[in-house]
Structures are given as C-alpha cells and as structure tokens.
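The values are calculated or read from the model by the stated rules, or taken from the named source; none is laboratory data. The structure displayed is predicted, hence computed values, not measured ones. Methodologically, a virtual Cβ is constructed for each residue, glycine included, from the backbone with ideal geometry; neighbour enumeration extends over all protein chains shown.
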Amino acid sequence: MMPSFVQSLWTALWQDAPLVQAPFFLIGIASLMLWPGDLLIPRDQKRRWSLFTQIILGITLYLVVVTPHRSGFSNMFRIDTMTQAFQLICTVATLATVVLSKKLLDLMNEHTVEFYTLLLFTLSGMLLLCGATDLVTLYFSIELMALPIYVLVGYFRDQERGIEAGVKYFLLGAFSSGIMIYGISLLYGATGGTTTNFEGLSTALVAAMDARGTMVTLGVLMVLVGMAFKVAVVPFHMWTPDVYDGAPTPITAFMASAPKAAAIFAFAKVFGVAFHNIPNVWTFGMEYMAAASMILGNVAALRQQSMKRMLAYSSIAHVGYMMLAILSNDPNLSIRSFSGVQSLWLYIFAYLFMNFGAFAIITFLQGKGEGERIDDFRGLSQRNPWLAFAMMLFLLSLAGIPPLIGFFSKFILFKMALERGFVVLTVIAVLTSAVSAYYYLGVINQMYFRSSTGKDSLKMDRMTGVLVSVCALMVLLGVSASGWLIDIVDKIKL
Amino acid sequence: MTSVILIPLIPLLGFLINGLMGHRLSRGLSQVIACSTIASSFVLSLIWFTRVLASPDHRIDLVVGEWMSVGNLQIPFGFVIDALSSVMLLVITGIGLLIHIYSVGYMHHEKGTARYFAYLNLFVFFMTLLVMSSSLPFLFVGWEGVGLCSYLLIGYYFETEEAPQAGLKAFLYNRVGDVGVLIGMMTLFLIFGTLTIGDLLQQVSQLRPETHFGLITFATLMLFIGCTGKSAQIPLYLWLPDAMAGPTPVSALIHAATMVTSGIYLICRLAPLFVLTPITLHLIAWIGVATALFAATMALFQRDIKKVLAYSTVSQLGFMFLGLGVTGFSAGFFHVFTHAWFKALLFLGAGSVIVALHHEQDLFKMGGLREKLPITFYTMLIGALCLMGFPGTSGFASKDEILYLTYLHSPTLWGFGVLAAICTAFYTARLMVLVFAGKPRDLKIFDHAHESPKWITIPLILLSLGALLAVMFGWPESFGGHNTIAVWLHSAITYGQTAEQEAHTLIPTLAWTLALISTVLSLLSAGIAWKLYSKGLSWEEGFERKCSRTYQILREKYFVDQGVMALIINPFFFLGKVFWKLGDVIIIDGIGVNLPGALTRVMGDLGSHLQTGRVRNYTLLSVLGLLGLLMLLLVARI
C-alpha cells in the first residue's frame, strides 16, 4: 500500500517537474553558489559573480521560454503564455538590476556572493508567484519573493538609512502577510474546508456567500489588503517612500519593477479568477483605492526633493493606474477589445524600460557622488547632453506624453477602462497624469534651463551607456512597433 | 533597390555634420560636405531616373517599412518614383547642386556659413521627402519641413530688422495653408479610409462621379488652400515678396525653383481626384489667372531688383495653376520644369549683379553694366527671353501651351492670361534695360563694379544652358512637336489608373494663331519698355507725376499689405491684449492655474506629513484602511 502511494506521488511530481524548471534551477544554482561556489573565488575577485549571475539569468530566460504549457501539482501551479510573459519581465528586470548594480558595488567595494544569490532566490519566488493558481502557492511564493528583498534593502550594513528601511519593510511586510494568511484561512473555512484553488474558489465562494457572507467578505478584504500592501496601493503604501529612498538605488529600481510585476499579476489573477464571481465584495473598495493611489501618489510627488522619493510616489500613482486594469479585467476578451491583464502586461512592459532607464541614470550620478536630489540634475544637459536627453525621454514617457511608449500603454489602459464604464476613475486618471507632468517637467527644467555651477562634463561608462541606450530606444521607438506589440500581446491569454 | 532612401538621407547627413559640428569644421570643409552630399543625391536621382525610364509602367513603388499603425490608419514608410517625382528630384538636386556651388561664391564674405549650408541641406532633405513620399501624411512631413527651412533661411540675416519679420510672416501664412492641407487630408481619410496615394487614387478611379461629390469637393478645396499658402497664390501670396530678405541663392532655390512649386506638385500628384471636382478646378483656374495678372502688374514699377523677380515668380506660379485648372496637368507641370531653370537663372544673375555692386539692389542706381558684367548679362538675357516667352525658348513652349489649353477652355481666361503675359514682357524688359543698358546712373557704384568670380559665373552658364535645352523635352504637340515629357508625365499623372483624362483637341492653326497674338503683343510691350527706359528714368518719373495715383497703387501693391495690417493683424493684436489681460492674467493664471496649484500643494504637504517614518503609525494607518474598506462596503450595502 505505502510503496505504491509513494511511487505514484513520485511519478506525479516527476511529471510536473518541467513546469517549475526555471525557479528550481535558480534555487539550485544559488545554493551551489553559496556553497561550495563561494569558496572557489578569492576574496578580491568576488566581482566575477556579476558576470556569472548574468549568464545564469540568460539560461533562466531560455528555461522560462521552453517551459511547457499546462497545469500541474494538483492544479496548484500553471504555466501559460500570460504567465510566461510576466515571468520574462521579472527575469529581464533582474538581469538589468545585476547589470546596474555592478558599478555601485565596485565603488562601495561590496561585492559578495550573497547579493547575487539573494537576487536569484527572490526571482525564483517571482517565477513561482506568476504561475500560482492556488492561494497556498500564492502565499508561499510571495514570502519566498519578499524575504530576500528585506535583506537586499538593508544590504549596505554601514548605512543606517538602508538598515532602517529594511527593518521597516520587514515589519510591515510581516504584518501584511499576517493579514493575508488570516484572510486565506477565513476563505478556506468559508468554503467548508474544500478548496483554496482559484478555479475552485470562483464557484465555491458564490455558494459560500449565501451561507457565510461575513466570513467571505472579511476574507476577501483581508486578501485585498495583503495584496495591496505588496504592490503599494494607498492606504497601504506607507512603506514605499521610506523603503525606496533607503534601499540601494539598483534595488529600488528592482523593487519598482520585478516584484511589482509579479505581485500585480498575481493580484489580477486572484481577483480576476478566484473572486471574479463575487465582484460586489471588492470592486467598490478597489475603485476607491485606485483613485486614492492616483491622487495621493501624484500629489505627494510634487513636493519631493529627492529623486528616489519622487519616483517612489510616482510608482504608487502608476500602480493606481494598473488597478484600472485589474478592475476591468475580463479574461474572455482579447486585447483588440482591450482585456485587463493584457493591457496590464503592456503597461508594465513599458514601465520596465522607463523605470530602469531613469534609475540607471540616477545610479550613475550617484556613482559620481551626486544625483539623489533633484537639484543635482541641474544643468545636466551641458554636462552630458545624451544622458540629459535620455532622462528627458524617460520622464516624458512616465508622464505619458506622445509619441513615447508610456503614452501608448497609458492610452490603451485608459481606453479599456472607459469601455468598461469606469468613467469617473478614468477622468481622475487623466487629470492626475496631467498633474504628474508637473513634477516630471520640473526635473527636465532643472536639466535644461538651469546651469550647473562649476561641474565638469560627465563621461558615461559602458554598462550605463548600453543600458540607458537600450531603454531610450525602446521608449522612443516602442510606438513604431505598436502594431507588432499588440499582435504579441494578443497572443498572450490567461 | 533601397538606394532610393539615400537620396534624402545623404543631405540629411550633410545637415547633421554641418549643423552639429559646423563650428568646428573649416569653412572649406563644410562647403565641400554640403556640395558633395547634394552631388551624390543628384547622381542617385539620375540613376533612378534612368531606372524609371526603363521600368515597364514608369513607376517604382517601394515600401521600406511601417511608419505608423493606429487602428485602421496604416501609414507606410514608402516612396514612389515615377515621372513626376523623378523629374522633381532631378530639378531639386540638379538646380540645388548648382545653387550650392553658387552659394560658395555668394556667401564668400559672410560669417558662419556652416549654418547656412546646414539649412540648405536640410531643405533638400525635406523637399526630396516631399516629392518621393507615397503617402499623404509622409508628404506632409516634407511639406512642413520645407516650410521650416524656408523660415530659417529667410531669417538667415537675423541681425537685420526685416529678415526675421519676413521669416515669421512666411511661416504664419504657410501655417494658414497647412491647416487646409490637414483638413483636406482628414476628409480624404474619412471618405476613402486610406492616405496612401496609390490606394487612394485606385479607389478614385473606381468611383462614380456623383458619389461623395460634396465631400470630395470640400477636400480638394481645402488642399488647394494649402497650395495657395505654399505656392503664394491669392489670397496667401503676401509672404513671398518679403521672403526676398533671405540670401539670393535661397530665393532662387526655395522661392523660385522648388518649394513654391510643391503646391502644383501636390495637385498633379492627386490629379485624378481633382478631375472629379469641376468646381475646384474652375476656382484654381480663376485664382491662377488672377494671381498671374495681379502680380505681374505689381512687378511693373518695383525698384528692388529682387522684388521684381519675386512678383514675377508669383505671377508665373499663377500661370502654372491656370494650366492645372484647365486640366492641362502636364502643361502646368512642364512650366514648373522650365520655370525652375530660367527663374533660378534670373535670380542667380540678379545675385551676381548684387554682389558686383556690393549689395546694391535698387534698379534706379544701376545701368550700363553690360560691359562690366558680360557673362552675367548674356546669361540673364537668355533667362529674360525665356520669361518673356520669346519664340523658340522653353518659356514660350510651356507658357503658350498653357494659354492654348486655356483658350479651349474659356476665351475670357485666355484674355486675362495674355494680358498677364504682356505685363511680364514689359517688366522683364524694364529690368534688363535698367540694369544693363543706358548710362550708369550712379558712377560711384558703377566704377567699383566687377564681374563675379567663377563660383558664380559657372553655375550661371550651366543654368542658361539648361534653360535653353529644357525646350527639347516638351515642344508642344499643338505646335507640331512630340512633347515627350507630357506623354511620359501622363502615366504619372493618372497614377497608372485607367481613368480617362479630358482629351485636348489639337488644332494646330488655332494654336499658332493664339501664340502669334500673344507673342506679338508681348514683344511689342517689351519693345515699348525698351524704348521708354533706354533713355533713362525720365519716362517713369514723368508717369509718376502725371498719373501719380495709378503709379502709387502699383508701387504700393494695391495697398494689400496695409489693408491686412489694419483689418486683420491690428484687431487681433487688440483682441489678444484683451484676452491676455482678462483671460490669461485673471481667469487662467489666477483661477485656472494658481488655485489648483495651491490646492495640490496643500494636499501634497498633507500627504508628506502623514509620512512620519514611524512603523507604528504606518501599521495603524493600515488597520484603519482595512476598517475603512469594511465601512465602505457597509455604506454601499445600505
């Protein structure tokens, strides 16, 4: 009896193993890098891990692409084109972070194997999170994703701000995880302990709503709060400015893109599939949260002096826009009629390039001992015209000015929201993006119309140059490829 | 095959080099770069010209990629090389090259010529783009671009008072026309759902004349308004005479040979569309002949040598539109071709005179320069004969073909056209006589005059050869020729569609009679002008005394500029002031901008103040947020 059960379990696991080949490859390699890998590299050669990690991430990209499409692990995990698309964004963002970090770590003399392995571990969490189709897998992937980031935020141990940010992030993250797991258990109880699977919940919750309405409502709201914490939606955004500001700049760029992409995709899946049939419980609250995020994020960004804090607030606003996609998600529609998750992907795809471009420039200036304050951008156009021009492109694109890619993604998102009847929200979104132009243009004003006082011209290093150029080209030419991009996105189905 | 892209791209490269690094390059190097880029474009244009000649249907369509794809609007990044565009390309790059070379000599004493050559290269880039583009939006890019370059080059002498003003004026008049083009384009998109010229004309050929008649008429009218802006026709012609504030080679290239003819090019390009709308064609013919006559009378008593030529250009452009209006598309376009040669020649000759006299442009201070400037005189004489329509010259061939077609259409129109031709002969003869014949009127200027350097004379000689030989390509059938160019242009004008053009009956005797009448009258008027002015200024001074009112009206160009100033510009200034004081300062700045700005700032401060940095506050706020969500839900339920 027993051996046959073990055998069938083993067979099932072995059959499903290809689904998780990329995350498990990452976990395995990262573990090996810690031991015995690190012993083989002399103390003053730790920078080599950077290149090695880049190669590993390249292989991961390949593994993600070749993963077969199906469900597995008793329907707790599923890979489809949409999942792959988000996994690719996470992997590319991680790769960009590694490239971006090298210069800074060189400068601080802080290359350690831990930095890179933590990045790989968190990436494995994201890849799992993208594929999660069960509240349990969702929860543990979120934790796997979040824990290494807490450490990465406080990575520079001699910088108090970083440590403070890391601890703060950890405390609030743990708090929100608590709320979320409580919500999950309530839902599990409400269904009579039958299922935590998304598909299962979508039918089970409708039935449970009649019998145990309060329990379901409370559970759904608690999951909403937990997810809102992870993606930083008002009023659960409070950690964002402090953490973004305190973290090392490449990690800030990382947090604004990769974990956000994974978490918001999971967010869309939970609410688009599991809670899809009980919209009355959550849409109302989510609308308010989206509106509050757009307004508060953009308005608070107006008064910031620090570039990173400004971008932190602006990322809150951008998440507010992305909430529009979650609200108007209808998995049965294609992008030609603008389905939520697809325009969400497009939005994050565009955001990835603008975000990384901007942060690459901030990191570069920080490497020169300046660059965190908006004042430091004064007269950048005289010191390095190309850098200033690229920064202008990123900022204008973030503000959603045509013909840059940011305009395109925003336009599709807003159009879809309008078609779904969210008129008031879309009006708020458009108005707040007009407000956002003010602070983005403020930086451009500093770069172009103020003169720098006695600072020499800046020379770009190769890494920054390549990263900034690639991002700038994408931002500039992305719209020319819009037809092609839409074709791709159209193939992505939930 | 894709070497066609290089035709615009090489001048663009020249612009980038001269524009970005011009101040670091030596003077000679920047000039070599500018001239060689145009020369290579010219060679490429020649190659493509022969290729088009060899290709079976005389048209090569190239789609390089997609420029924009939004909804059902597809705009390809495509080029079309056919008879129309390849001839235009040859004119742009060929005459452009000569003018670039001429500029080396003309701009000899100027500082910062890199900027000048950069703009000139940029102009060639946009102009070639305009004529090669296979879709209207792309054509519009070139259309706007040449306007920009024209603005930059008119205002080239930015230290002077009138040049920047004139540039601004040109730009504004063109903007008015551009709005027309945009509206026309949108209307066409509304009707046909495409803006690619080939697809558009194919749909046009399958259209029954009465479908969409109103909309199509509206679209063509709007497009024609754009053409009146760019090609300086009534009512938007006022900018062209002022544009003479720019350097003379610029006047020759942009404001005589190429840019101002782009309106005619546009109408020829869309000829099958215009054929459907007799109303627009009538309007074009009448506006054309009115402009031709009106501008020719204004040229009669101008004292500035360049102003005479400027009004003459406006008038000749009017002739071209007259040709288009009577469905003589290839005749009109042939006049573009011949006019490009002889008018560029006349402008460059005038430039040579101006240089020789150390920047003196007043006709009344010249005189007797024939011995001093022999090459300039003989080359300009060829140009002048062409302009007058002396039998056998290219100007005769193209202008009298237009007049003949006009007569078939409406004898009244023909009458006005001949009147304009008579005026043309008069002012041309007056100009030549005042500059070259008689006794010098200002000895100080005369004594310092000298023939221009080779940089200037060689382009003049080449241009005069071109002006002479241009006639070979298109001796009209009505005068017993083969008119090779018209036959060839026909394929481009119908755009390969089978739609039948209006056939023109050939009556050689009528053609010869008409030509005889207009030529004899023109030569008579030229002879009178010669007689009157060879004795000096006494006749014109006498005329001024006797008929002071008529003279004043003609000299002051019918007071149109002053009228526009009083009736349009000043009221707008006044209105602007009112809006600025009331609308801008009080309503928009005060209530519209500062109030929301202040509100947002207060809210921003509030948001920042919530950010205490304490974890316990954040947690509290989160719990409050959860409770708030529950409250919301309860409120919503009730």
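Of all residues in the stretch B:86-108, those satisfying the criterion of being over 16 Å from residue B:139 (Cα atoms), surrounded by 24 or more Cβ atoms within 10 Å (Cβ to Cβ) and not hydrophobic (A, V, I, L, M, F, W, C) are B:93, B:96, B:100, B:102, B:103, B:106. Name the residue that is surrounded by the fewest Cβ atoms within 10 Å (Cβ to Cβ), counting only residues in the stretch B:184-229 that are of a type in the set (Ser, Thr, Tyr) and in contact with a Phe, Trp or Tyr (Cβ under 7 Å, 6 or more places away or on another chain). Among them, the one singled out is B:187. Counting only residues that are at pLDDT 80 or above and hydroxyl-bearing (Ser, Thr, Tyr), the stretch B:586-638 holds 3 of them.
Can you tell me which residues in the stretch B:149-164 are touching a Phe, Trp or Tyr at 6+ places or on another chain (Cβ under 7 Å) and either of a type in the set (Lys, Arg) or touching a residue at least 24 places away in the same chain (Cβ under 8 Å) (or both)? Answer for the stretch B:149-164, where residues must be touching a Phe, Trp or Tyr at 6+ places or on another chain (Cβ under 7 Å) and either of a type in the set (Lys, Arg) or touching a residue at least 24 places away in the same chain (Cβ under 8 Å) (or both): B:149, B:152, B:153, B:156, B:163. Here is the figure for the stretch B:205-238: residues that are part of a helix (DSSP H, G or I) and either modelled with pLDDT of 85 or more or within 18 Å of residue B:289 (Cβ to Cβ) (or both) total 17. With respect to the conditions (1) more than 14 Å from chain A (Cβ to nearest Cβ); (2) β-branched (Val, Ile, Thr); (3) in a strand (DSSP E or B), residue B:64 lacks only one, and its number is (1). Among the residues of the stretch B:44-85, just one is loosely packed, with under 15 Cβ neighbours inside 10 Å and within 26 Å of the chain's Cα centre (by Cα), namely B:47.
Please find, within the stretch A:431-467, the residue that is farthest from residue A:294 (Cα to Cα) out of those that are touching a Lys or Arg at 6+ places or on another chain (Cβ under 9 Å) and part of a helix (DSSP H, G or I). That would be A:463.
The set of residues from the stretch B:1-40 being of a type in the set (D, E, K, R) and part of a helix (DSSP H, G or I) comprises just one member, B:27. Which of the residues spanning the stretch B:199-225 are under 28 Å from the mean Cα position of the chain (by Cα), under 25 Å from residue B:491 (Cα atoms) and in contact (Cβ under 8 Å) with a residue 12 or more places away in the chain? Those that are under 28 Å from the mean Cα position of the chain (by Cα), under 25 Å from residue B:491 (Cα atoms) and in contact (Cβ under 8 Å) with a residue 12 or more places away in the chain: B:200, B:201, B:202, B:204, B:216, B:217, B:219, B:220, B:221, B:223, B:224. Just one of the listed residues (B:598, B:566) is among the small types (Gly, Ala, Ser) and under 32 Å from the mean Cα position of the chain (by Cα), and it is B:566. Looking at the stretch B:511-545, which of its residues are of a type in the set (Gly, Ala, Ser) and touching a residue at least 40 places away in the same chain (Cβ under 8 Å)? Within the stretch B:511-545, B:511, B:515, B:518, B:522, B:525, B:526, B:527, B:529, B:534, B:536 qualify.
For the stretch B:607-618, the count of residues that are over 30 Å from residue A:228 (Cβ atoms) and of a type in the set (A, V, I, L, M) is zero.
Just one of the listed residues (A:137, A:133) is β-branched (Val, Ile, Thr), in contact with a Lys or Arg (Cβ under 7 Å, 6 or more places away or on another chain) and more than 14 Å from chain B (Cβ to nearest Cβ), namely A:133. Looking at B:319, B:342, just one residue is modelled with pLDDT of 90 or more and touching a Lys or Arg at 6+ places or on another chain (Cβ under 9 Å), and that residue is B:319. Residues in the stretch B:68-111 that are part of a strand (DSSP E or B) and within 14 Å of chain A (Cβ to nearest Cβ): B:68, B:69, B:70, B:73, B:74, B:75, B:76, B:77. Elements of the type helices (runs of 4 or more DSSP H) sitting completely within the stretch A:144-259 and holding at least 2 residues that are away from chain B (no Cβ under 13 Å) and of a type in the set (D, E, K, R): these cover A:198-211.
Would you check if there is a residue in the stretch B:41-58 being of a type in the set (A, V, I, L, M, F, W, C), in a loop (DSSP other than H, G, I, E, B) and over 24 Å from residue B:136 (Cα atoms)? No, the stretch B:41-58 contains no residue that is of a type in the set (A, V, I, L, M, F, W, C), in a loop (DSSP other than H, G, I, E, B) and over 24 Å from residue B:136 (Cα atoms).
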